[in-house]
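In what follows, a single structure is set out as structure tokens and then discussed.
The values are calculated or read from the model by the stated rules, or taken from the named source; none is laboratory data. Only a predicted model underlies this, so the values are computations on that prediction, with no experimental measurement involved. We place every Cβ from the backbone using ideal geometry, glycine too, and count neighbours over all the protein chains shown. Accessible surface areas use protein heavy atoms only, side chains included; no ligands, DNA or RNA. Shrake-Rupley method; radii C 1.70, N 1.55, O 1.52, S 1.80 Å.
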Amino acid sequence: MTKSKKKTEADDPIAVVESEPAVLQAGVDDQQAAPEVNEVAAPKRRKAKPASTEPATLARVCEGYIAALERHGAGPGTVSSYGMELRLACRELGSDTLVADLTAERVAAYFESEAVMKTRSGKPKAPPTFLKTQRVLRQALVWAESEKLIERAPLPEPAPKA
């Protein structure tokens, strides 16, 4: 059984600041009360990272996506396997390729390429294997769009189901 710590007014800097006006109303001179109010620091806020002005390359998007996975608690196995899938995409599409220059057609061609669809020995990969390769790049491109690194993710339309 865990004990919960009761939060007191002294633990909450906002409550302390809000209680100060009562002191002022009680007849204390404003000049004397001001230093006490100013001594209570407001909680610090994290500054938003400014958007980079340099264009997003495929390598930068892949690195950023992997870092985001790690920040959100993805396990080491996921990070490693997603990293392998994204290294394949960088090798085939070019790590220095600007993501803004990628087209849905080029991504679709990559999804159907031998590197994605066949093993090194030339045998067809199992559907779960090639679907994962496709999914990981799709997720990285959608992440890049959500982070405003690109205006729109260059994703091909899904194939119609038979």
Looking only at residues in the stretch 44-66 that are modelled with pLDDT under 65 and open to solvent by less than 100 Å² (accessible area, probe 1.4 Å), which one is nearest to ARG87 (Cα to Cα)? SER52
Would you be able to say whether some residue in the stretch 139-161 is touching a residue at least 60 places away in the same chain (Cβ under 8 Å), assigned to a loop (DSSP other than H, G, I, E, B) and among the charged types (D, E, K, R)? yes
Is one or more of the residues making up the stretch 104-120 of a type outside the set (D, E, K, R) and in a loop (DSSP other than H, G, I, E, B)? yes
Within the stretch 95-126, work out how many residues are open to solvent by 20 Å² or more (accessible area, probe 1.4 Å) and either under 19 Å from ALA144 (Cα atoms) or touching a Phe, Trp or Tyr at 6+ places or on another chain (Cβ under 7 Å) (or both). 12
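Inspect all residues belonging to the stretch 127-134 and state whether any of them is in contact (Cβ under 8 Å) with a residue 24 or more places away in the chain, assigned to a loop (DSSP other than H, G, I, E, B) and crowded, with 17+ Cβ neighbours inside 10 Å.
no
Out of curiosity, is VAL79 in contact with a helix residue (DSSP H, G or I) (Cβ under 9 Å, 6 or more places away or on another chain), of a type outside the set (D, E, K, R) and surrounded by fewer than 16 Cβ atoms within 10 Å (Cβ to Cβ)?
Taking the combined requirement at face value, the residue satisfies it.
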